[in-house]
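Accompanying notes for the structure given below.
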Amino acid sequence: MTAAPPNFADWREQSDSFEELAAFRSRTFFFDQGEGPARIQGSSVTTGLFEALRVTPQIGRTITPEEDVEGADPVVILSYGFWSGRLGADPATIGSDILLNDTSHRVIGIMSPGFEFPPPISLEGPAPERSELWVPLAINEVEGSRQSHNLQVIGRMREGVTLEQARSELSVLAGRLQQQYPESNTGWTTVIEPLDEQVFGDLKTPLLLLLAAVGFVLLIACVNVANLLLARGAGRQRELATRASLGAGRSRLTRQLLAESLFLALMGGVLGLALAFIAVELLIVIAPQTIPRLHETSVDLNVAAFTLIISLVTGVLFGLVPALQGRKVNLSEQMREGGSRSGVAGRTSRFRSGLIVVEIALSLVLLFGAGLMLKSFRHLQGVDKGFEADNALTLRITMPAVRYAEDPALIAAYQEIEEQVSTLPGVVSAGFVYDIPLSADRQGTRLTFAGAPPPQSPSDYVLTNFTINTPGYFDAMGIEVRQGRDFTPGDRAESEPVAIVNRAFARSYIDSEDPLSKSFGDPGGGDTPTRIIGVVDDVRHGDLATEATPVVYVPYYQNAWGRSMSLVVRTSGRPTEMLGAIRQRILAFDSAIPIYDVRTLREVVSNSIAEPRFTAILLGLFSVMALLLSLIGIYSLVRYSVSQRVQEIGIRTALGAVSSDIVGMIVWHGMKLTLVGIILGIGAALLLARVLVNQLFEVSTGDPLTLVIVPLLLSVSALAACYLPAMRAARVDPVRALREE
């Protein structure tokens, strides 16, 4: 979990390992320019945050310690996008006031255009949104609850301090806090990770996989070019011999062949660069928004330079072999009749066949990896989510603080909106919840069962996630109540505290006992025990690949601490068609209530698997490209072989060979290379598939079905590529073939 504010304050005061230690948490603001409140994602931050990140505002200054205390005049730092997009980049903004959440804030700074914070860090579930503004956090270090874990902490280590030293120091501090505050800190420790690993850790492997896939496709393409250049060079042996006899030196011939190779590579690079302009735009559209800074990706001068260098390198490397082959021209042999064919095959056929084997092996590795990823993605799609995603939508609203400052007003407002929406024609059910499934907004706590001995160790606590919801939520989500009852409007602050747990909670902490016989309270005791009144199905709250964790649901009408709530509406028809009527009902109740994050539950599920889908799609596209290139290579080799064996085929036909004999001979030549490549590729694929372990869901790296289907697909495709030139060979006229040189 994240840090408790008083614990963070102690870390900052007592730690010597950090030059700066700062905290932040996400926060939603509403900014009204006269057209209704617009939702703005922001962050509350402590002093020292911008200093820890080594950034300064483009205009103005950062937050001072005097401004980061309760009761200080509100100030705000704006992102460059907010300043330019919403305020017209007005220089007079600095020092002026803007209204956020019905409170006037003085603007003290404008950040530079490239600054993004918080970075897309998420301990579980989707990454948070980018902040457009930052306000002082103003931690109450004295009264803040040590059981309220809601801060993320960033620190810059002092010069010479290692990561292990910082970890050791904070671990000692955590132990000291356990002794001082055993009721809230027993069992709690600290976890320190480098910021770059937090930002890019989950993306590093799939991006490296895609980079490797691109490299494989490039290598396969280069192998094809080398093979084609070898074939072309073999057909030009007499030409090269003639040039040599006329005085062209070997270096001159080498330069000529290398120049031709470089020209082809550069033309391919230019064409690829042109296509990249289009491809990058499409990539940004289909890619998940959780990939950091993807929207800034473009084909710039660096990319153009890299493309030029790669084109030059590949042109030289894979044009060098034909050039060196051309240096070995035997003048007397090539000038003899028939020399153009007889001397070449023995020198180049083995090398070209070896290149085809490598090409097939690389293609199989890519196809095997893509097959595993696609199968994993299919399993992910079929996971039991615990709720019904069809015919349902969700939206989020935030009650204005001025109108709804007290709990009774909040409860009455949410109850009235739920009832108004539920009575709409076409609405089956509706209910509010603090955080919808598959979202990043997770709340955690630890509890003790009523009557249990005081906790002596971390294992004595009940560690669980929790959320709050209204009575109609479970019906709207399609979550089954398996035991007991749902919440009712009568579950109020003045009535008995109640809760509903999921089946994972019952399995983890209650086991064979009756869950409805259990009650729990907070670790400090003293509160009226909270009685469990129901058990519901498990819901995947973090992501579809993670097993359901224990969750406690408490009724909103008893615990109205959420000013922002998500409304889930189940409809009898298409949910998007009901959005207008739902919006009208909410605004009719209070036109100042902002409505945002409107999505169908299908979109919520789809967004939760966006990253694995993106990786699977790209890997699949690269593997298809590799397969097509390999088939082109096999086809070219076999066709070239046929052109070199025209006389042989003519003689065989004249001696009585039938078409099937000729076809079988040609096809077997190509399939032998394919089978060798498949065998080598299977071995390489099984070794390299180990890097996919953490990317797969319910699929082993040696999946038998994929091991069968991929080689079979490659074999059938190669058979088709060999069959076409083989049929051409079968139609060779023996008389005409015997007349040729």
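Computed quantities for the displayed model
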quantity	calculated
Formal net charge of residues neighbouring residue 399 (Cβ-Cβ distance under 9 Å; K, R +1; D, E -1)	+1
Packing-based order for 599-605, 59-65, 73-79, 474-480, using average beta carbon neighbours within 10 Å, highest first	474-480, 73-79, 599-605, 59-65
Ordering of 653-665, 389-401 by burial proxy (mean other Cβ atoms within 10 Å per residue, highest first)	389-401, 653-665
Debye, to nearest 20: dipole size of region 400-592, +1 on Lys, Arg Cβ, -1 on Asp, Glu Cβ	340 debye
Solution diffusion estimate, µm²/s, Stokes-Einstein, the chain, Kirkwood Rh from C-alpha pairs, 37 °C, viscosity 0.692 mPa s	105 µm²/s
Kirkwood Rh in Å, taken over all unlike Cα pairs in region 5-193	17.9 Å
Extension gain (nm, one decimal) between residue 204 and residue 266, 0.36 nm per residue minus Cα-Cα	19.3 nm
Furthest towards positive pole of dipole, 591, 555, 489, structure part region 474-606, Cβ charges	591
For the chain: relative contact order, % (alpha-carbon pairs under 8 angstrom, 6 or more apart)	15 percent
Positive-pole candidate from 630, 258, 699, dipole of the chain, charges at beta carbon	258
Nearest 10 degrees, 0 to 90: helix 659-688 Cα axis against the chain principal axis	40 degrees
Exposure proxy order (Cβ contacts within 10 Å, fewest to most) of 589, 377	589, 377
Alpha-carbon Rg with Dmax, taken over region 507-610, Å	18.4, 50
Point-to-point label distance, residue 99-residue 401, nm (Cα→Cβ direction, 7 Å offset)	1.5 nm
Two-site FRET efficiency, residue 416 against residue 583, from Cβ-Cβ distance with R₀ of 22 Å, rounded to 0.05	0.90
Potential lengthening between residue 592 and residue 214 on full extension [0.36 nm per residue; Cα-Cα distance subtracted]	131.0 nm
Zone of residue 390's modelled label, taken as backbone nitrogen in region 464-502 under 14 Å from a point 7 Å along Cα→Cβ	478
Cα-centred dipole magnitude for the chain, charges only on beta-carbon of K, R (+1) and D, E (-1), debye, nearest 20	5700 debye
Top positive-direction residue, dipole computed over the chain with Cβ charges, set 510, 80, 64	80
Cβ-defined net charge surrounding residue 104, 13 Å radius [Lys, Arg +1; Asp, Glu -1]	-3
Environment charge of residue 722, counting only residues whose C-beta is closer than 12 Å and scoring Lys/Arg +1, Asp/Glu -1	+3
Counting DSSP beta bridges with both ends in the chain, the antiparallel % (nearest 5)	75 percent
Span from the region 173-197 Cα centroid across to the region 388-432 one, whole angstrom	38 Å
At R0 = 56 Å, FRET efficiency that the Cβ-Cβ distance of residue 164 and residue 603 yields, to 0.05	0.80
Whichever aspartates and glutamates have a C-alpha closer than 17 Å to that of residue 518, once near sequence neighbours (fewer than 8 apart) are set aside	460, 486, 496, 527
Relative contact order of region 400-592, defined on C-alpha pairs under 8 angstrom at six or more residues apart (%)	32 percent
R0 of 41 Å, Cβ-Cβ distance residue 624-residue 351: FRET efficiency to nearest 0.05	0.90
Per-peptide average of other Cβ atoms within 10 Å, ordering 354-360, 298-304 highest first	354-360, 298-304
Two-site label geometry, residue 687 and residue 672: point separation in nm, points 7 Å out along Cα→Cβ	2.5 nm
Among beta bridges that DSSP assigns inside region 5-193, antiparallel share in %, nearest 5	75 percent
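Any read-out appearing in this document is the output of simple, stated calculations on the displayed coordinates, not a laboratory observation. Remember, predicted model here, so these are calculated numbers, not experimental data. Here the Cβ is made from the backbone with ideal geometry for all residues, glycine too, and neighbour counts use every protein chain on show.
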